[in-house]
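Input: a single structure, listed below in C-alpha cells.
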Amino acid sequence: MRTVTLQREQAARGPLILVNPAHPLLPGPAPELTAPDSRFPGILLERRTAGLLAACVRAAGGGRDIVPVSGWRSQAEQQAIWDDTWASQGEGFTRRYVALPGCSEHQTGLAIDLGKRAERMDFIRPDFPDEGPCGAFRRLAARYGFILRYRREKEAVTGIGEEPWHFRYVGAPHAALIEEHGLCLEEYGDFLRAGPQRRVLSNGRRVEVSWLACPGESVEAELPEGICQLSGDNGGGFILTAWEAPV
C-alpha cells in the first residue's frame, strides 16, 4: 500500500465529476482538447475522451453517418446558447434541454452531442436514432467508457429532459456499472458509498471501485499496489478505481 494526500479542491476534477446545478464546475483551465473527427475541427473533447469516442464510432461502423454536433464549450459559449435558446424557444424549453452556464457537462470536455448525418441538423436536439450505426454506437458505448447521460426514466433525478444524443465519458468500468444497475450519474456516488464494487473485466482482470470522503481540507488515502485511478466526484469525495495487477 502507498499513502497519498488529497486536497479538497482536487475533488472537483477528474472524469467522474458530477456536473449539475447543485454541483457547478469550479473555475479552472480548459482541459487538453482535440477534435475526435478531423472533418469537424472546431468540435473538441478532452484528449482521451476524443480518442475513445473515435474508436467507438469506428467499431459501430458510423464513420460516415455519425457526426459530432457539440463538444467542449467555454463559459461564454454556454451562456450564449442559454440566452439564444431562451429568446427563441422560451424558458420551459431552455430549462429542459440547456444546462445553466457553469453547470454544463459540455464545459468539462467529457460530453458530446452526436447526430445522424443529414443535410439539416438541429443543434439543440439532433436526431440520433436507435437503429443503424447510431444504435450500434449506443450498444457499444459502455465498452468504451460512455454512458447515455439523460434518460427519460431519470428526468426527475437529473432535472434534464431525455437526450438520446448526449453521451458522457466516465471510463471503464464505471460506464458498465452505471448501465448494469440502471443508474444515472447523480445516483452513482450513493451507489458506491454503500460499499466497494468489484468486477471482472472482459480481459479477465479484476477491478475494485470504492468511494472516499474528504470532510476536511485534505484526506490521506491508502492506495493498493498496481494501477489506480483517483477522480473527484465534485461533491467532496473521491472515487478510487484499482485494477488487480496482472499475474
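Some observations on this one:
- The chain - percent of accessible surface contributed by carbon and sulfur, probe 1.4 Å: 50 percent
- Both numbers refer to the Cα atoms of the chain; Rg and Dmax are 18.1, 60 Å.
- GluC sites (Glu not before Pro) within the stretch 103-185, DSSP loop, no more than 14 other Cβ atoms inside 10 Å: 119, 131
- Between helix 75-89 and the chain: long-axis angle, C-alpha atoms, 0 to 90°, nearest 10: 40 degrees
- With respect to the chain, whose longest principal axis is taken over its alpha-carbon atoms, helix 47-59 is tilted by about 70°.
- Taking every protein chain into account, the accessible area of the chain amounts to 50 square angstrom per residue (probe 1.4 Å).
- With bins 10 Å wide beginning at 0, the percent of Cα pairs of the stretch 85-140 falling in each bin runs 19, 40, 34, 6.
- Here the contact order of the chain, divided by its residue count and restricted to Cα pairs under 8 Å and six or more residues apart, works out to 26 percent.
- Trypsin sites (Lys or Arg not before Pro) restricted to DSSP loop in the stretch 26-72 with at most 12 other C-beta within 10 Å: 39, 64
- Near-label residues of the stretch 4-38 by backbone N, under 18 Å of a point 7 Å along Cα→Cβ of residue 217: 5-12
- Estimated inter-spin distance, residue 2 and residue 198, nm [label 7 Å along Cα→Cβ]: 2.4 nm
- Here the label points at residue 190 and residue 122, each 7 Å from Cα along the C-beta direction, are separated by 3.1 nm in the simple model.
- Share of alpha-carbon pairs per 10 Å distance bin for the stretch 172-233, given as whole %: 17, 52, 28, 3
- Between the stretch 194-247 and the stretch 41-64, the alpha-carbon center distance in angstrom: 26 Å
- A dipole drawn for the chain from +1 and -1 charges on Cβ atoms has a positive end, and of 90, 145, 29 the residue lying farthest that way is 145.
- Per residue, the chain reaches -7500 deg cm²/dmol at 222 nm when only DSSP H runs of four or more residues are counted, each adding -39500 (n - 2.57).
The values are calculated or read from the model by the stated rules, or taken from the named source; none is laboratory data. Note that this is a predicted model, so its numbers are computed, not measured. All Cβ positions, glycine included, derive from the backbone under ideal geometry; neighbour counts span all protein chains shown. SASA here: full protein model, heavy atoms, side chains in, ligands and nucleic acids out. Shrake-Rupley method; radii C 1.70, N 1.55, O 1.52, S 1.80 Å.
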